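Undergrad: Just passing along the structure, written as structure tokens.
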Amino acid sequence: MLCFKLDIKKKYELWCLVGPEPVRFSLTEFEHLTGLNFDYVENLNNPRCEVTEEKIAFWQLLGVGIDAGPTTEQIIAACKRCSEWSRDDRMRLGYLAIFIGFIEGRKFSTVTWARLARLVMDLKEFKNYPWGRVVFQGVDGLTVE
């Protein structure tokens, strides 16, 4: 379906040609399919997230610098050594794995966006973040050749 993507200027809509008919795939349809949160926030890809001592300590547990996001390889390595971590840090690691593997879906050795990955420090905020909008922006950038 994305092979015949039309150039539309609307931010949260994809239009494709299926045969001779244009078909719309918008944020609304994507929300119904994924069940992800699609609430509006001002700075979607740059959330306000203060760097605290707790965040620095967690990133050190991961073996990652505070300005860099972890790779999938680093998350897998952390899963092998997290048995002595606090329950909250293990939860953060689990949510980080979900973020990297399913929400962001980057290549195995590619670092993730640190500014979004840092949201795991506040698990309630992480759960309520509008990940659907973040993922939809990624889908909008897909092209099939």
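Values in this text are rule-based calculations from the coordinates and carry no lab data. Just so you know, these numbers come straight off a predicted model, no measurement behind them. Please note: Cβ atoms are built from the backbone with ideal geometry, for glycine as well, and neighbour counts cover all protein chains shown.
Undergrad: So what's the angle, to the nearest 10 degrees on a 0 to 90 scale, between helix 53-62 and the longest Cα principal axis of the chain?
TA: Approximately 80 degrees, to the nearest 10.
Undergrad: Hey, with R₀ at 25 Å, roughly what FRET efficiency would Q137 and A68 work out to, going by the Cβ-Cβ distance, to 0.05?
TA: Details: r = 22 Å, r/R0 = 0.87.
With a Förster radius of 25 Å, E is 0.70.
Undergrad: Further question on the same structure: What is the extension gain from I56 to I76, computed as 0.36 nm multiplied by their sequence separation minus the C-alpha to C-alpha distance, in nm to one decimal?
TA: Numbers: separation 20, 0.36 × 20 = 7.20 nm, distance 1.94 nm.
This chain segment gains 5.3 nm when fully extended.
Undergrad: K5 to F102: extension gain in nm, 0.36 nm per residue of separation minus the Cα-Cα distance?
TA: Numbers: separation 97, 0.36 × 97 = 34.92 nm, distance 2.37 nm.
Once the chain is fully extended between K5 and F102, it gains 32.5 nm.
Undergrad: Among all the lysines, which ones have a C-alpha under 18 Å from K127's C-alpha, if same-chain residues fewer than 8 places away are not counted?
TA: K55
Undergrad: Write down the Å³ per residue value for the convex hull defined by the alpha carbon atoms of the range 1-119. List each step's numbers first, then the result.
TA: Details: hull volume 16.8 nm³, N = 119.
Hull volume over Cα atoms, normalised by residue count, gives 141 Å³.
Undergrad: What spacing in nm lies between the two simple spin-label points modelled at E13 and S83, each 7 Å away from Cα in the Cβ direction?
TA: Once both label points are built, they end up 5.5 nm from each other.
Undergrad: Oh, and also: Go through the range 38-90 and name the chymotrypsin sites (Phe, Trp or Tyr not before Pro) that are in a DSSP coil and have 14 or fewer other Cβ atoms within 10 Å of their Cβ. Intermediate results must be reported in sequence, preceding the final value.
TA: Numbers: sites: F38, Y40, F58, W59, W85; in loops: F38, Y40, W85.
Listed in order of number, the matching sites are Y40.
Undergrad: Same structure again: Each label point is 7 Å from the Cα along the Cα-to-Cβ direction; what then is the distance between the points at M91 and E31, in nm?
TA: 2.7
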